[in-house]
Amino acid sequence: MTTPEPHPIEPTATGPACELCGGPAVVHWQRRLTDDEYDAYLAIHQAKRDEQLLLGDPQGAAPTPEPLPLPADCTRAVHGCVNHAIGINAAAHVHAKTCTAPQVDDLPGCDCSPEPLPKPAPEPEPAQLPASWAAPA
Ligand SMILES: [Zn+2]
Ligand SMILES: [Zn+2]
């Protein structure tokens, strides 16, 4: 029996790293998953569903798994360091799965057309009050 080779201990980073240079990240924005990332994410969900079915009570009702996530439900964080960050306004948008930011030539922009911002929720209509509760004019 041989003893395994000792592995050198790598210094561990304390937080996320810049996607471009690997330096400490200070900002992040959202991007849609690439096809490969989405497939890997689906595989995790599918494995969870398979496990739920396997562990379900055979005499009880079959477990009803949650629906699988759609590409439009999924984003991942893209991290940037102090030198490799897109602009704050661009960072407010969700970027396309093909977006390669941060790239030095595109900064402070990127090479995709980000999704439009979601519409703010409409203000609720004020409730009608009894006339005797109306503020004096
Ligand atoms: Zn960087
Ligand atoms: Zn982009």
- Query: Among ALA17, ALA62, ALA92, whose mean-square fluctuation peaks in a Gaussian network model of the chain (Cα, cutoff 10 Å)?
  - Reply: ALA62
- Query: How big is the stretch 82-129 on each of its three principal axes, counting only the C-alpha atoms and giving the largest first in Å?
  - Reply: 58, 23, 10
- Item | Accessible area per residue, Å², the chain with all protein chains present, probe 1.4 Å | 81
- Along each principal axis, Cα extent of the chain, largest first, Å: 91, 61, 27
- Beyond 21 Å, the calculated P(r) of the stretch 44-114 holds a percent of Cα-Cα pairs equal to 49
- Could you work out the local net charge near ILE44, counting Lys and Arg as +1, Asp and Glu as -1, over the other residues with Cβ closer than 12 Å to its Cβ? -2
- What percent does the relative contact order of the stretch 5-137 come to when contacts are Cα pairs within less than 8 Å and at least six residues apart? 28
- Item | With Cα atoms, 0 to 90° folded angle of helix 35-55 axis to the chain main axis | 90
- Query: Going highest first, how would you order 103-116, 21-34, 120-133, 42-55 by mean Cβ packing within 10 Å?
  - Reply: 21-34, 103-116, 42-55, 120-133
- Net charge over other residues, Cβ less than 15 angstrom from the Cβ of GLU66 (K, R count +1; D, E count -1): -1
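The values are calculated or read from the model by the stated rules, or taken from the named source; none is laboratory data. This one's a predicted model, so the numbers in the text were calculated from it and none came from an experiment. Cβ: placed from backbone, ideal geometry, glycine included. Neighbour counts: every protein chain shown. Note: areas computed on protein heavy atoms with side chains; ligands, DNA, RNA excluded. Shrake-Rupley method; radii C 1.70, N 1.55, O 1.52, S 1.80 Å.
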